[in-house]
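Here the structure is laid out as structure tokens; the discussion comes afterwards.
The values are calculated or read from the model by the stated rules, or taken from the named source; none is laboratory data. From a predicted model like this one, the values you see are computed outputs, not experimental measurements. Here the Cβ positions follow ideal geometry from the backbone for every residue, glycine too, while neighbour counts run over all protein chains shown.
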Amino acid sequence: MSTYPILDQKDTRSGFGAGLLELGRNNPEVVALCADLTGSLKMDAFAKEFPDRFFQVGIAEANMMGIAAGMTIGGKIPFTGTFANFSTGRVYDQVRQSIAYAGKNVKICASHAGLTLGEDGATHQILEDIGLMRMLPGMTVVVPADHNQTRQATLAIAVHEGPVYLRFGRPKWPVFIPSEMPFEIGKAQVLVEGTDVSLFACGHLVWRALQAAEQLAAEGIKAEVINVHTIKPLDSEAVLRSVAQTKCAVSCEEHNRYGGMGDAIAQVLALNAPTPQEFVAVNDSFGESGTPDQLLKKYGLDVPDIIAAARRAMTRK
């Protein structure tokens, strides 16, 4: 039995919807904006219960970001909702100028991120968004691991002052993070302790890393699994503490290998403790249409890929 058994199967976007509704009931300053994807973002319940605090802006994402920035001037806490591609690539100028540069308290909530968007294909499967957002000064970047943690993250970013990018996904995924597990922005979670190799993961690949660690354990290899749910600010202390024991690292993310979590970890290691590191990420390419499982396998983000990367990292100590 895994240390983290599957508690349920739910999409992370539903965790966002649950958290947003809870915020609506507890914080009258929270407002929500959506770019014609209310159902896809699971914002329906908030819209129904708080129609005066929900704004359907239509397929006008750039306008949505400008409206959200303006709402903060009156003390509102706006949560914008659309696909990750449209939350970043399509509106980068507005996010940079009106939100990040202006330091506005906007929460950019992005669903359908990465390859696991699936059949919609390469035009919608953005794999560069973490890099785009973490490069913006003052932007916090959060990538929760499952439904429960996405709900927790949604609640946490509401009380965090400043712009936030919250990234989550489309498919139903194992729920394994206990609802009572503490969540703190900027503090990584050691899910499994180990001494042979550090597996740093975010988003959907946290579950894959746990599966890989379980298989490695059966071979006598003790892999440490760290859930890096906050990419920026990165928990450098957790990274360095882990590699001090294991002497090698693997970064696992549903993102391009350039600019993402792996790059952030590599920078910490290069500056503080040069350590062999392997990357489990999309290798400088766009995606394509397919099921989430098919795409994770084809693009090298599956359990066997993490295991192979762990073995490569260990040989480089």
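If the condition is being charged (D, E, K, R) and either touching a helix residue (DSSP H, G or I) at 6+ places or on another chain (Cβ under 9 Å) or within 19 Å of residue 130 (Cα to Cα) (or both), then the range 299-317 contributes 302, 305, 311, 317. Within the range 219-233, is even one residue of a type in the set (Lys, Arg) and within 16 Å of the chain's Cα centre (by Cα)? Within the range 219-233, one or more residues are of a type in the set (Lys, Arg) and within 16 Å of the chain's Cα centre (by Cα).
Would you check which residues across the range 234-249 are within 20 Å of the chain's Cα centre (by Cα) and either surrounded by 15 or more Cβ atoms within 10 Å (Cβ to Cβ) or not acidic (Asp, Glu) (or both) and list them? Show your work before the answer.
Just the residues of the range 234-249 that are within 20 Å of the chain's Cα centre (by Cα), to begin with: 234-239, 249.
234, 235, 236, 238, 239, 249 - these are the residues of the range 234-249 that are within 20 Å of the chain's Cα centre (by Cα) and either surrounded by 15 or more Cβ atoms within 10 Å (Cβ to Cβ) or not acidic (Asp, Glu) (or both).
Which of (1) within 16 Å of the chain's Cα centre (by Cα); (2) surrounded by fewer than 22 Cβ atoms within 10 Å (Cβ to Cβ) does residue 107 not meet, given it meets every other one? Here residue 107 clears every test but (2). Just give me the residues in the range 110-138 being in contact (Cβ under 8 Å) with a residue 40 or more places away in the chain, in a loop (DSSP other than H, G, I, E, B) and surrounded by fewer than 24 Cβ atoms within 10 Å (Cβ to Cβ), in sequence order. Of everything in the range 110-138, those that are in contact (Cβ under 8 Å) with a residue 40 or more places away in the chain, in a loop (DSSP other than H, G, I, E, B) and surrounded by fewer than 24 Cβ atoms within 10 Å (Cβ to Cβ) turn out to be 118, 119, 120, 121, 122, 124, 128, 135, 136. Among the conditions (1) acidic (Asp, Glu); (2) surrounded by fewer than 19 Cβ atoms within 10 Å (Cβ to Cβ); (3) closer than 16 Å to residue 254 by Cα, the only one that residue 44 does not satisfy is (3).
Taking residue 25 as the residue in question, decide whether it is surrounded by 14 or more Cβ atoms within 10 Å (Cβ to Cβ) and modelled with pLDDT of 95 or more.
Taking the combined requirement at face value, the residue does not satisfy it.
Of the residues 301, 234, 295, the single one that is in contact (Cβ under 8 Å) with a residue 12 or more places away in the chain and touching a Lys or Arg at 6+ places or on another chain (Cβ under 8 Å) is 301. Determine if the range 181-199 includes at least one residue that is charged (D, E, K, R), assigned to a strand (DSSP E or B), surrounded by 19 or more Cβ atoms within 10 Å (Cβ to Cβ) and out of contact with any Cys (no Cβ under 6 Å at 6 or more places or on another chain). Within the range 181-199, none of the residues are charged (D, E, K, R), assigned to a strand (DSSP E or B), surrounded by 19 or more Cβ atoms within 10 Å (Cβ to Cβ) and out of contact with any Cys (no Cβ under 6 Å at 6 or more places or on another chain).
Among the residues of the range 254-270, those identified as in contact with a strand residue (DSSP E or B) (Cβ under 7 Å, 6 or more places away or on another chain) and closer than 23 Å to residue 294 by Cα are 255, 256, 257, 260, 261, 262.
Taking the criterion of being of a type in the set (Val, Ile, Thr) and touching a Pro at 6+ places or on another chain (Cβ under 9 Å), the residues of the range 142-190 that qualify are 150, 154, 177, 185.
Taken as a whole, the structure leaves residue 155 outside the set of residues that are among the aliphatic types (A, V, I, L, M) and buried (at least 24 other Cβ atoms within 10 Å of the Cβ).
Residues that are out of contact with any Gly (no Cβ under 8 Å at 6 or more places or on another chain) number at least 2 in the following strands (runs of 3 or more DSSP E) confined to the range 216-317: 223-227, 249-256.
Scanning the range 29-75 for residues that are among the small types (Gly, Ala, Ser), touching a residue at least 40 places away in the same chain (Cβ under 8 Å) and more than 18 Å from residue 106 (Cα to Cα) yields a count of 1.
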